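The values are calculated or read from the model by the stated rules, or taken from the named source; none is laboratory data. Being a predicted model, the structure only gives us computed values, none of them experimental. For the accessible areas, the whole protein counts, side chains as well, though only heavy atoms, and no ligand, DNA or RNA atoms are used. Shrake-Rupley method; radii C 1.70, N 1.55, O 1.52, S 1.80 Å.
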Amino acid sequence: GSLRCKPAYCTSPAVADGVLYVGTNAEFVALDSQTGQEKWKSDLYLIESSPAVVDGVVYVGAGFSLHALDSQTGQEKWKFATSGLVFSSPVVKDGVVYFGSKDKGVYALDSQTGQLKWEFKTKDMINSSPAVAGGTIYFGSYDGYLYALDSQTGQVRWKSHFKHEIFSSPAVTG
């Protein structure tokens, strides 16, 4: 099998345990990474977020929500709705899923239940995918700030202003 999509409508894939997971503007699919054979398909749409796969769960933003899907079946485990589109790719660290939304918020959810642990609002939308290291979550916002928040509480550790909006994702080590 093959999956064809326009570059503007395909996410970067994730590969885990021999399965490739990728989204388009109209669907989210799991393919055998060796053969391309479709394992399952979901009708999630408006996917600009690249998936994260951790402990048998696929986390992906689609439309106005972050979804947690069973990696083997595609069945939805939970979904968390925001009031803006979710183009930020999720990051999972120590049982917490972090992601941003065009509703100006960054969210920390329990990775098993989808329950909100904390939320932080900026002054503009967030497309930047977070990076997490050393107990800190880093992300940029269209408000021109690069933020560093405590990953457990969501409290600001520091923020740095730039001349223009930040839509790219930071990279950190540690």
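Which of the aspartates and glutamates could a cross-linker bridge to K123, judged by Cα under 17 Å and excluding same-chain residues fewer than eight apart?
Counting by Cα, and skipping residues close in sequence, K123 has these aspartates and glutamates nearby: D103, D143, E165.
So which of K79/K121; K77/K159; K39/K104; K39/K117; K102/K163; K93/K121 end up more than 26 Å apart, counting from Cα to Cα?
Numbers: K79/K121 20 Å; K77/K159 34 Å; K39/K104 35 Å; K39/K117 33 Å; K102/K163 20 Å; K93/K121 21 Å.
As for pairs spanning more than 26 Å Cα to Cα, those are K77/K159; K39/K104; K39/K117.
Counting heavy atoms of the protein chains only and a 1.4 Å probe, report the per residue accessible area for region 1-124 as a whole number of Å².
Numbers: 6130 Å² over 124 residues.
Heavy-atom accessible area per residue stands at 49 Å².
Tell me, in nm to one decimal, what length is gained between H164 and D124 on full extension, where the rule is 0.36 nm per residue of separation less the Cα-Cα distance? List each step's numbers first, then the result.
Numbers: separation 40, 0.36 × 40 = 14.40 nm, distance 1.19 nm.
The span from H164 to D124 would gain 13.2 nm if fully extended.
Where the centroid of each part is defined by its Cα atoms, how far is region 137-158 from region 20-91 in Å?
25 Å
If I take the Cα coordinates of region 29-136 and project them onto the principal axes, what are the three extents in Å, biggest first?
44, 28, 22
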